[in-house]
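So the structure is just underneath, and the comments pick up after that.
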Amino acid sequence: MDQILESTPRTERIDADTILRTEGLTKEFKGFKAVDGVALNIRRGKIHALIGPNGAGKTTCFNLLSKFLTPSAGTILYNGRNISGLRPADVARLGLVRSFQISAVFPHLTVLENIRLALQKRSGPSYTFWCPQRVLDHLNGEAAALAERVDLAHLIDTLAAELSYGRKRALEIATTLALDPEMMLLDEPMAGMGHEDISRIAELIRDIGTTRTILMVEHNLSVVASLCHRITVLARGKVLAEGDYATVSADPRVVDAYIGGGHA
């Protein structure tokens, strides 16, 4: 059984350049440790990738950080606060937001309406679905600016259902940005995309990374190489290597893990 964790954030001393740190982060499922004593140190204002072969524990680790799972052991410190026992919504209010977390892309609403709903969520605890449209018109300017930032200004009146897959991902990122996070967790942002969409979303992430911290799980290693300042490689639930792309890609343990386990 998972140990009982604190529900109230506790502030601890932490390096000013560190925005998120884990210590001994562990998740056990019926005796199997999917994440085993993982220590992460995410630097403020950087783009950091979490990679590894299939079954490495990346998704479980990401779910622990975004609070969709509760750790069996260890701590998660965000801006010096122990957030290990908090709910996803509580963590989001602190500024740590997972992309696509709030499922704010509604297929039968336009780009503008989707972003506007996310902006509304930022300003209060609940949505006002049944209010007259004019009540939300004061959010149109900010919503339009976000649409422009993710290259959707020309599609602002288009229904989300009519967008290409890559454009839907851009809209999902826009709804996440609407929450004004200090740190974004991006879970496989390039998954299922063609070359043109990958290039577009990669440039969007690079732009976002100039003003926010980003931690991403990503399969596309060429994207990781071009975007990320630092990379943590997981294998069998543990940290195998860490450093910039040149360092980790030259590590024999990393090469062996990918050749033996296939690309994740």
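The values are calculated or read from the model by the stated rules, or taken from the named source; none is laboratory data. Everything numeric here is computed off the predicted structure, so don't read it as measured data. A quick note on method: Cβ atoms are made from the backbone with ideal geometry, for glycine too, and the neighbour counts reach across all protein chains shown.
Scanning segment 19-74 for residues that are part of a loop (DSSP other than H, G, I, E, B) and among the aliphatic types (A, V, I, L, M), which turns out surrounded by the most Cβ atoms within 10 Å (Cβ to Cβ)? Steps first, please.
Restricting attention to segment 19-74, the residues satisfying the condition of being part of a loop (DSSP other than H, G, I, E, B) are 30-31, 44-46, 52-57, 66-72.
Now drop any that are not among the aliphatic types (A, V, I, L, M), which leaves 56, 69.
Values: 56: 24, 69: 18.
That would be 56.
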Is there any pair with a first residue in segment 8-26 that is more than 17 Å from residue 214 (Cβ to Cβ) and a second that is modelled with pLDDT of 85 or more and acidic (Asp, Glu) whose Cβ atoms are under 7 Å apart and which are 6 or more apart or on different chains, and what are they? 26/36
Scope segment 226-264; condition over 18 Å from residue 34 (Cα atoms), in contact with a strand residue (DSSP E or B) (Cβ under 9 Å, 6 or more places away or on another chain) and among the aliphatic types (A, V, I, L, M); matching residues: 227, 231, 248, 254
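This table checks each residue for (1) touching a residue at least 24 places away in the same chain (Cβ under 8 Å); (2) assigned by TED's automatic domain parsing to the domain that holds residue 54; (3) under 30 Å from residue 17 (Cα atoms).
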site	(1), (2), (3)
137	no, no, no
140	yes, no, no
144	yes, no, no
149	yes, no, yes
152	yes, no, no
168	yes, no, no
174	yes, no, yes
188	yes, yes, yes
Test: residue in segment 90-106 that is in contact with a Gly (Cβ under 9 Å, 6 or more places away or on another chain), modelled with pLDDT of 90 or more and outside the structural domain of residue 145 (by TED's automatic domain parsing): no
Looking at residue 228 and the list (1) in the same structural domain as residue 64 (by TED's automatic domain parsing); (2) in contact (Cβ under 8 Å) with a residue 40 or more places away in the chain; (3) surrounded by fewer than 20 Cβ atoms within 10 Å (Cβ to Cβ), which single condition is not satisfied? (3)
Residue among 80, 95 that alone is surrounded by fewer than 20 Cβ atoms within 10 Å (Cβ to Cβ) and closer than 25 Å to residue 202 by Cβ: 95
